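Right, one structure below, let's go through it.
The values are calculated or read from the model by the stated rules, or taken from the named source; none is laboratory data. Everything quoted here is computed from the prediction, not taken from an experiment. As a convention, Cβ positions derive from the backbone with ideal geometry for all residues, glycine included, and neighbour counts pool all protein chains shown. Side chains are part of the model used for accessible areas, which takes the heavy atoms of the whole protein and leaves out ligands, DNA and RNA. Shrake-Rupley method; radii C 1.70, N 1.55, O 1.52, S 1.80 Å.
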Amino acid sequence: MSVKFLSSEAEVRKRLVPVVLGADILGYSYVRCFHETYGLSSIVLATADVKATSSSRFCDYRIVDGIESDEVLLATLAQIGEGLRSQGKVGMLVGSGDWYARTLSAHKEELSEWFYVPYIDFALLDDITQKERFYAICEELGIPYPKTLLFDCADQDAKIDAGSFRYPVIAKPSNSARYHYAEFPGKKKIFEVRTPEELEEIYRNLQASCYDRELIVQDLVPGDDDGLRSITCFSDASGTPVMTCMGRVVLQDHAPLAIGNPVCILSERVEKTIEEACRFLTHVGYRGFANFDVKYDPRDGEYKFFEVNTRPGRNTFYVDLAGSNFVRLMVEDFVLGAKIEPQDATKPFLYTCVPRYVVKRTVGDPELREQTLDMYRRDLAKCPLFYKPDTLSHAFWAAVTYYHQITKFKRYVWDVRASNGA
């Protein structure tokens with residue numbers, strides 16, 4: 001038996017309890033936005049004490065040992081679900097990572113006894129998150145993507161012809177949820193590979209790990225962080241995209257396990273590329289939030305699609321800044337069963353997790369740097385962690401997290417540039 005639609009926003013405020021899996025910046029964005037929009041407090045389940053979220057007055061923060069295993073997570077959620085039902089309440093499950101999205105999708109039917117689960121069915125999720133399938137669909141629809149080859153990591157005897165590539169290349173796992181469990185020296189989210197020997201070592205490490213999917217070796221689209229684009233779409237119950245939002249990545253995180261996570265995004269719309277994202281979603285019959293990683297290729301002027309994330313991305317707060325409340329979209333569709341009107345998410349914004357000093361010192365393009373700094377001057381630069389109604393303790397830890405980016409950029413960007421003579 002699945003939970004029933006609630007009848008009104010008043011009932012949402014009275015009965016809905018958001019359950020947030022993960023305490024990163026998206027985890028806090030959920031906590032903040034559920035409170036800001038509906039006055040709700042959330043239950044947050046985490047593996048460690050992330051102070052910027054645990055210090056919030058708007059969540060019940062619980063550290064659960066082993067929650068990253070299906071068995072522990074599902075048992076914990078069943079217990080929470082029964083507790084909510086005994087109080088006449090109903091939960092809504094949202095996760096802050098690919099692994100959580102995959103697990104919630106895979107177990108959506110059983111979890112729907114107690115929770116709204118705003119994720120696509122597992123068969124579709126499992127299909128389009130395999131990067132080889134994603135690129136096959138892009139090929140079918142005429143959507144640009146980088147030249148790509150795949151190598152099976154489950155085959156212990158396979159060899160990679162590393163000398164056949166033109167370097168540098170990008171290497172990354174085809175399945176980020178399965179890669180989550182792999183452990184080996186030098187593990188990164190994405191590898192920028194400069195020699196055949198380096199590529200061979202990465203492949204051997206993956207073969208020796210528990211990772212049993214493909215290694216993607218991909219043409220390196222030239223350009224810095226500012227070539228990256230993020231596209232977020234929301235499709236309603238009929239599969240129609242009703243909200244689209246796009247931003248240009250000004251800076252991304254350069255810490256090894258966080259490479260590819262944008263920390264500063266400036267509003268920008270390229271309608272042709274947004275149309276391609278919508279065409280993909282309509283073609284596969286998508287519902288809910290999807291986020292695309294795209295990069296501008298100066299060699300041919302195309303925006304190349306890298307992947308689709310079957311959930312709100314960690315930076316989805318920028319949708320709010322652009323004028324469309326991302327939590328309200330989820331609640332109206334999945335909790336209230338309401339018809340979603342087309343959304344206008346075109347307001348200028350700067351989503352940022354870094355102080356302006358980091359932008360001033362790091363961004364090389366003078367025009368982009370000045371455009372970004374001007375957003376700070378105009379008070380259009382917003383970080384989701386800074387929420388005035390929250391506690392003083394939260395404000396302290398939000399500031400610590402925000403200004404710690406200076407240390408991180410010094411270590412992973414500025415010192416590296418200095419050692420290279422740049």
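Observations
- Here the condition is being within 22 Å of the chain's Cα centre (by Cα) and without any contact (Cβ under 8 Å) to a residue 12 or more places away in the chain; of SER29, SER69, SER42, SER54, it holds for SER69 alone.
- Number of the condition not met by PHE317 [criteria: (1) at pLDDT 95 or above; (2) farther than 16 Å from ILE265 by Cα; (3) crowded, with 21+ Cβ neighbours inside 10 Å]: (2)
- PRO342, sole failed condition from (1) touching a residue at least 24 places away in the same chain (Cβ under 8 Å); (2) in a helix (DSSP H, G or I); (3) open to solvent by 80 Å² or more (accessible area, probe 1.4 Å): (2)
- Here ALA237 meets the list (1) open to solvent by less than 50 Å² (accessible area, probe 1.4 Å); (2) under 30 Å from VAL331 (Cβ atoms); (3) out of contact with any Pro (no Cβ under 8 Å at 6 or more places or on another chain); (4) among the small types (Gly, Ala, Ser) almost entirely, failing just condition (1).
- Among residues of the stretch 386-403, those that are surrounded by fewer than 13 Cβ atoms within 10 Å (Cβ to Cβ) and part of a helix (DSSP H, G or I), counted: 2
- In summary, TYR376 fulfils each of the numbered conditions (1) in a helix (DSSP H, G or I); (2) within 30 Å of VAL3 (Cβ to Cβ); (3) open to solvent by 10 Å² or more (accessible area, probe 1.4 Å); (4) in contact (Cβ under 8 Å) with a residue 24 or more places away in the chain with the single exception of condition (2).
- In the stretch 218-234, of all residues being open to solvent by less than 10 Å² (accessible area, probe 1.4 Å) and hydrophobic (A, V, I, L, M, F, W, C), the one that is farthest from LEU329 (Cα to Cα) corresponds to VAL221.
- Condition met for GLY142 (at positive phi and modelled with pLDDT of 90 or more): yes
- The residues listed here are ARG287, ARG369, ARG361; of these, the one that is open to solvent by 10 Å² or more (accessible area, probe 1.4 Å), more than 27 Å from ASP219 (Cα to Cα), modelled with pLDDT of 95 or more and out of contact with any strand residue (DSSP E or B) (no Cβ under 9 Å at 6 or more places or on another chain) is ARG361.
- Restricting attention to the stretch 45-72, the residues being of a type in the set (A, V, I, L, M, F, W, C) and touching a Gly at 6+ places or on another chain (Cβ under 6 Å) number 1.
- Residues satisfying the stated conditions in the stretch 1-44, i.e. within 24 Å of GLY97 (Cβ to Cβ), open to solvent by 60 Å² or more (accessible area, probe 1.4 Å) and assigned to a loop (DSSP other than H, G, I, E, B): SER41
- Within the stretch 168-205, the set of residues being touching a residue at least 40 places away in the same chain (Cβ under 8 Å), surrounded by fewer than 17 Cβ atoms within 10 Å (Cβ to Cβ) and touching a strand residue (DSSP E or B) at 6+ places or on another chain (Cβ under 8 Å) comprises PRO168, LYS189, ILE190.
- Every residue from the stretch 226-273 that is under 24 Å from LYS172 (Cβ atoms), of a type in the set (Ser, Thr, Tyr) and in a strand (DSSP E or B): SER230, THR232
- Residues in the stretch 207-214 include none that are open to solvent by 30 Å² or more (accessible area, probe 1.4 Å), free of Cβ contacts under 8 Å to residues at least 12 places away in the same chain and assigned to a helix (DSSP H, G or I).
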